[in-house]
Each structure stands twice: as C-alpha cells, then as structure tokens.
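These notes concern the structure reproduced below.
The values are calculated or read from the model by the stated rules, or taken from the named source; none is laboratory data. Remember, it's a predicted structure, so these values are computed and weren't measured experimentally. Note: ideal-geometry Cβ built from the backbone for every residue, glycine included; neighbour counts use all protein chains shown. The area values use the complete protein model at the heavy-atom level, side chains included, leaving out ligands, DNA and RNA. Shrake-Rupley method; radii C 1.70, N 1.55, O 1.52, S 1.80 Å.
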Amino acid sequence: DDIHLALPDGYERVAFQNARGISRGEDPACEVRGAMGEYDVGLFGIVEPNWAFTEDLKATINATAQRSFGCGFASYASMKSNKPGYQPGGAMQMIRGSMVGRHISSGGDKYGRFTWVKLRGKNDNKLCIITAYRVSQEKVHQEVDATSNKIFWQQVRAFIRDGHQDPDP
C-alpha cells in the first residue's frame, strides 16, 4: 500500500527495514517509534540494529514504547554479551496499538538471527510474524577467525561451542 494513506478500520500495517545500525543514545529506538507513529505501523521488524540487547536496554525500550503508544513492547534477538553497546547483527520487532492486545507469545533466537511474535486473530486463527537476519558472508572452509567481531564469525564460534560441526550461519 501507499504508506502515506490512512488505513481502513480493522487493518494493521507491518513494516520491515534493515537498519544497518540504530543510534542508541539516551532514547534508544526513537527512530523506530517515530516511524511507527508517522506511518501508522502496528508491527515494525528491524534487522541489524547492531546492539547487545541487555536486560536494561530491553526494559528501557519497552518503557519508552509504552509511554509513546499507551501500549507497546518489543521482542529481541542478539548474540549474548556481557557489555552494553555495539553488537553486530541482531533483530528486533516493535509492536503497538491493537496488535498488543492480540499478543500470545514472542521471543528471539539466542544467536541473534531472528525474533518472532505470535498473534491471536479472529475465529481462533493464529499468525506468527518472524523478523530474520541472515548474514551475508558466504561459508568458506578455513580456520575459525577467533578475533573477528563480524556477526558471521560470532555465530560460527557460538555454534561450535554448542556442539555443531562445520556450521554455516
């Protein structure tokens, strides 16, 4: 649809963007909330926010979403990190408005590859929306790069730690 047109009653807009990094600052995800409000987006999927989603960061984003929209929250996926700040890759979904009332469950992948939300529809129908980030680097048969911060090598190392042989993120 034309994103500038108003939505008819009963419709929800779903949007997606590869952000290639979202500024965190004092008001994290403000660009996402701004776009959701401006274009009347009910669910916004974002990949490559490049954040380590710590519990504090998640709480801050959810609190600002609730203040901005009256009701709203996000689901997240990033590689595990003990420090806040830059973390390549990841995925995030922010939900607001009537979609929040249809929320059944949500979650994310521990490798930072995808996040999902399951919604309840009419007549007990269910809808699962997945926002996924696939690394662009191709698999090459070489020694694991133990120093690279690229998400491809972070995932390879994590898969190996979890017992996967010859992983291909």
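A few remarks follow.
- Positive minus negative residues near R67 (Lys, Arg vs Asp, Glu; Cβ under 13 Å): +1
- For the stretch 68-114, a Kirkwood hydrodynamic radius built from all Cα pairs, placed in the Stokes-Einstein relation at 25 °C and 0.890 mPa s, yields a translational diffusion coefficient of 206 µm²/s.
- Restricting the trypsin sites (Lys or Arg not before Pro) of the stretch 1-77 to loop positions (DSSP other than H, G, I, E, B) with no more than 16 neighbouring Cβ atoms within 10 Å leaves R20.
- With Rh defined as the Kirkwood radius, the inverse of the mean 1/r over Cα pairs, the Rg/Rh of the chain is 1.01.
- The alpha-carbon atoms of the stretch 94-169 define a convex hull whose volume equals 117 cubic angstrom per residue.
- Over 28 Å between alpha carbons, listed pairs K110/K139; K80/K118; K58/K139; K58/K122; K80/K139; K58/K126: K58/K139; K58/K122
- Largest mean-square fluctuation among Q155, Q137, Q93, in a Gaussian network model of the chain whose springs join Cα atoms under 10 Å apart, belongs to Q137.
- Among C71, C128, C30, the largest mean-square fluctuation in a Gaussian network model of the chain (Cα springs under 10 Å) belongs to C128.
- Ligands, DNA and RNA left out, the 1.4 Å accessible surface of the chain is 47% carbon and sulfur atoms.
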